[in-house]
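This report concerns only the one structure given below.
The values are calculated or read from the model by the stated rules, or taken from the named source; none is laboratory data. No experiment lies behind these values; they were computed from the predicted model shown. Here Cβ is always computed from backbone atoms with ideal geometry, including for glycine, and neighbour counts include all displayed protein chains. Note: accessible area is taken over every heavy atom of the protein model, side chains too, but ligands, DNA and RNA are not part of it. Shrake-Rupley method; radii C 1.70, N 1.55, O 1.52, S 1.80 Å.
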Amino acid sequence: MEINYAKYLPLSEATFYVMVALDVPLHGYAIMQKVEAISEGSVVIGPGTLYGAFTTLEKQGLIDKVSEEERRKTYALTDKGRRVLAEHVRRLAIMVHNGQLALSILNKGAVI
């Protein structure tokens, strides 16, 4: 199945980290903790942002609610979500490569 990535990309930083955190099914609080840890503290997601992301990602078919116990809902990436995440990472890798090249050229001309 071919995906029209333009519909989903680019991902916001918060959405990217939510999707990355879902390499295993997790509930909201665990996702918030994991995002802060894997982003080395550079991204802290609050409940409003997280639940807004859940609503959007679920509506787009990129995540599914896999269980619900009391108030704790557990989410997982769908196959479609994994493919969208992989395409976003591919694009980020190109950006990083080009950014490193540009900085290398700029730093050669820098006066120290």
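In this structure, does G99 turn out to be more than 18 Å from L26 (Cα to Cα) and loosely packed, with under 10 Cβ neighbours inside 10 Å?
So G99 does not fit the description; no.
Consider segment 69-96. How many of its residues are exposed (fewer than 14 other Cβ atoms within 10 Å of the Cβ) and of a type in the set (G, A, S)?
Result for segment 69-96: 2.
Tell me, yes or no, whether segment 60-68 has at least one residue that is acidic (D, E) and either exposed (fewer than 14 other Cβ atoms within 10 Å of the Cβ) or not in a helix (DSSP H, G or I) (or both).
Among the residues of segment 60-68, at least one is acidic (D, E) and either exposed (fewer than 14 other Cβ atoms within 10 Å of the Cβ) or not in a helix (DSSP H, G or I) (or both), which makes the answer yes.
Name every residue in segment 25-77 that is among the β-branched types (V, I, T), within 28 Å of N4 (Cα to Cα) and over 12 Å from the mean Cα position of the chain (by Cα), in order of residue number.
T49, T55, T56, V66, T74
Does T74 satisfy the criteria of being in a helix (DSSP H, G or I), at pLDDT 95 or above and of a type in the set (V, I, T)?
No, not satisfied.
If I filter segment 1-48 down to residues being of a type in the set (S, T, N, Q) and part of a helix (DSSP H, G or I), which single residue comes out as farthest from L62 (Cα to Cα)?
First pass over segment 1-48, keeping only residues of a type in the set (S, T, N, Q): 4, 12, 15, 33, 39, 42.
Next cut, part of a helix (DSSP H, G or I) only: 15, 33.
Values: T15: 11, Q33: 21 Å.
In this case the residue turns out to be Q33.
Within segment 3-45, work out how many residues are open to solvent by 30 Å² or more (accessible area, probe 1.4 Å) and more than 21 Å from L92 (Cβ to Cβ).
Residues flagged as open to solvent by 30 Å² or more (accessible area, probe 1.4 Å) and more than 21 Å from L92 (Cβ to Cβ) within segment 3-45 amount to 7.
Just one of V96, V84 is under 17 Å from K7 (Cα atoms) and either of a type in the set (V, I, T) or within 20 Å of the chain's Cα centre (by Cα) (or both); which is it?
On the way: V96 fails: under 17 Å from K7 (Cα atoms).
After ruling out the rest, the residue left standing is V84.
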